[in-house]
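Note sheet for the following structure.
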Amino acid sequence: MNVKQFYATTLLFLITFLSYAQIEGSKQNFALGVSTGYNRGLGFQISLTALKPLESLPVQMRLGIGLTSLNPGNASDARRIFINNATNGVPEEKARSFDYRLDFLLDSNILNLENSKLVFGPRYSSFKANFKYIGGNEDFDVTSKQFGIGLGTESQFKINKNLNLLAAVGLDYFFNNTLTGHDTSYSPDNDNVNARNDNANDNVEFTYKDANEAIKQPSLMPRVLLGVVYFL
């Protein structure tokens, strides 16, 4: 599945869920969630859950989108690997990741709580790190697109008829993919484009391993979130 197919499939799910919710909303077949917390950085997430997508199976399905502020990596190494060997300028750096997730939720007693779920499903991440060198006339982004998988558990605690408190923990894993910055890219198979030379190592070309160590794209992403769930 390529990126366009992923977006198209996600949009189709969302349209289908919302359309069905408008027809059957009074039966509380759907829930809207908002949560925040740690996701290898400060993260926010919104989600829409189908509470009874399949009458014959005790499973819920949820679509979610999140935004996380991340550590972008090593600014000086990023410059050497993607731009040049200059060292002037004061570095400023930032990074963010949009993640898109499809969750399957199964009843579970892992936490010995009445309303707890086992959560698992596919993930997709759109990552961008920005490196700016004040006084050095350099300002560039490094980006990557990654698929992944996730596993976790969560519990809900009733606040009132339509509102629950949500507590969730989990771990997402994203597969390595091409890192692109300026006019250079590094791929996991080292089919690289315009790779730079390492002047500290006999001018041999940098590899994907070097780029991946310098840029902290999503890999293992532990999650601890708190939020609320509103039943439509």
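The values are calculated or read from the model by the stated rules, or taken from the named source; none is laboratory data. Given the structure is predicted, the values throughout are model-derived calculations rather than measurements. Cβ coordinates were reconstructed from backbone atoms using ideal geometry, including for glycine residues, and neighbour counts include every protein chain displayed. The protein model used for the area step is the full one, side chains on, heavy atoms only, and it has no ligands, DNA or RNA in it. Shrake-Rupley method; radii C 1.70, N 1.55, O 1.52, S 1.80 Å.
Worth pointing out:
- The chain, relative contact order in percent, only Cα pairs under 8 angstrom and at least six apart counted: 21
- Cβ-Cβ FRET estimate between Phe120 and Asp202, R0 fixed at 41 Å, reported to 0.05: 0.30
- For segment 219-231, putting each phi into the Karplus relation 6.51 cos²θ - 1.76 cosθ + 1.60 with θ = phi - 60° gives couplings of 9, 7, 10, x, 10, 9, 10, 10, x, 10, 10, 10, 8 Hz, in residue order, rounded to whole numbers and with x for Gly and Pro.
- Dividing the mean sequence gap of close Cα pairs (under 8 Å, 6+ apart) by how many residues segment 100-232 holds gives a relative contact order of 21 percent.
- A value for Rg and Dmax of the Cα atoms in Å was derived from the coordinates, and within the list [x] 21.0, 69; [y] 17.8, 56; [z] 18.1, 53 it appears as [x].
- Acute angle (nearest 10 degrees) that the helix 3-24 long axis makes with the longest principal axis of the chain, alpha-carbon atoms: 20
- As a fraction of the 1.4 Å probe accessible area of the chain, surface on carbon and sulfur atoms comes out at 58 percent.
- Annotation: peptides 45-54, 200-209, 151-160, ranked by per-residue average of other Cβ atoms within 10 Å with the highest first, follow the order 45-54, 151-160, 200-209.
- Accessible surface area normalised per residue over the chain is 54 Å², counting heavy atoms of protein chains with a 1.4 Å rolling probe.
- Amide H contacts for Gly136 (H built 1.01 Å from N in the peptide plane; partners 5 or more residues away or on another chain; cut-off under 5 Å): Val90.
- Interchain or long-range residues, amide H under 5 Å from Val59's placed H: Leu54
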